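What follows is a set of notes on a single structure, which appears directly below.
A short reminder: the numbers here are calculations on the coordinates, not readings from a lab. Owing to the predicted nature of the structure, the values given are computational and were not obtained by experimental measurement. Cβ atoms come from the backbone with ideal geometry, glycine included; neighbour counts cover every protein chain shown.
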Amino acid sequence: MRYKVICCYNGTGYSGSQRQLNSQTVQGQIERALAKIYSRPLTIQAASRTDKGVHALGQVFHYDVDTVIDSAKLVQVINRQLPDDIRILSAVPVTADWHARYDVSCKTYYYRLSTAEQYDVFQKDICYQYNQAFDKAKAGDLAKAFLGKHDFKAFMAAGSDKQNTIRTIYDINFDQQGDLLTMQISGDGFLYHMVRIMMGLFLDYVEGKKSSDDIIEQFTAGNRHYFRRTAPACGLYLANVRYKL
């Protein structure tokens, strides 16, 4: 039996989502919980890998097991074995050929920052404390240049082994609710640190540090060195994952 599971987590206390030796990770915590429930080691396959300090509102993973447990009960059982900063939202059986990673059609990320004048020590791990105004209309105009299918190698951090850097961005929106500014970006996939590099670019642009002409020219040329600013991990959330029908 293969189960599709949706979970959320606060990534502050973890060295990323993917299992690592001698480090606390989201995958490690979930697999330990499943091992207690099923009395044997199990491996999960996640839709997307998130880095240290990055959060998720709708991460998806699957795992295979012989034992059948009612979906509603399974959510409760797993949550009882997890720490308070990870929660299972749903768990449903799927066909054996369904894959949490390879069947993805669209991923959506949020980047959240505070435009409040005062630094908030209680929000610092879940929202970038930018603490100045952000011109969402100006950023939105520039964002149109990145919609559609492009080579995004200029927005890929060092350390990635990805050879294919072509991605399709479906939508980029900026929304301000009170002091909270959220960038929402959806696409068929994202490169290493791509969303955080793009957020850093928008910050440079609204601050007047880069012109739109230079940005588009350097993006088209694939010049990674021009886009040096990377927004902090604390503001990034994997919001949801959609799948092929």
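Quick rundown of the values:
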| item | result |
| --- | --- |
| Two-site label geometry, D171 and R80: point separation in nm, points 7 Å out along Cα→Cβ | 3.9 |
| Stretchable slack from R40 to Y243, in nm (0.36 nm times residue separation minus alpha-carbon distance) | 70.1 nm |
| For the chain, alpha-carbon Rg relative to the globular expectation (2.2 N^0.38 Å, N residues) | 1.07 |
| In sequence order, calculated HN-Hα J values of region 51-59 (Karplus, 6.51, -1.76, 1.60; Hz; x Gly/Pro) | 7, 3, x, 8, 9, 9, 9, x, 5 |
| Top positive-direction residue, dipole computed over the chain with Cβ charges, set L74, N131, T12 | L74 |
| Mean residue ellipticity (222 nm) of the chain, computed from DSSP H runs ≥ 4 via -39,500 (n - 2.57), nearest 500 | -6500 deg cm²/dmol |
| For region 60-68, Karplus couplings with θ = phi - 60° (6.51, -1.76, 1.60), whole Hz, Gly/Pro x | 10, 8, 10, 8, 10, 7, 7, 7, 9 |
| Rel. contact order, % - alpha carbon contacts under 8 angstrom, at least six apart, the chain | 24 |
| Gain upon complete extension [V65, A158; 0.36 nm per residue less C-alpha separation] | 29.8 nm |
| Gaussian network model of the chain, springs between alpha carbon atoms under 10 Å - residue of Y128, Y119, Y205 with greatest fluctuation | Y119 |
| Integer Hz, Karplus 6.51/-1.76/1.60 couplings in order for region 178-190, x for Gly and Pro | x, 8, 9, 9, 10, 8, 10, 10, 10, x, 7, x, 9 |
| Size of electric dipole in the chain: Cβ of Lys, Arg +1 and of Asp, Glu -1, about Cα centre, debye, nearest 20 | 600 |
| Inter-site label distance for S23 and D135 at 7 Å from Cα along Cβ, in nm | 3.8 |
| Potential extension, L57-V121 segment - 0.36 nm per residue separation minus Cα distance | 20.9 nm |
| Protection proxy ranking of 69-77, 231-239 - average other beta-carbon atoms within 10 Å, highest first | 231-239, 69-77 |
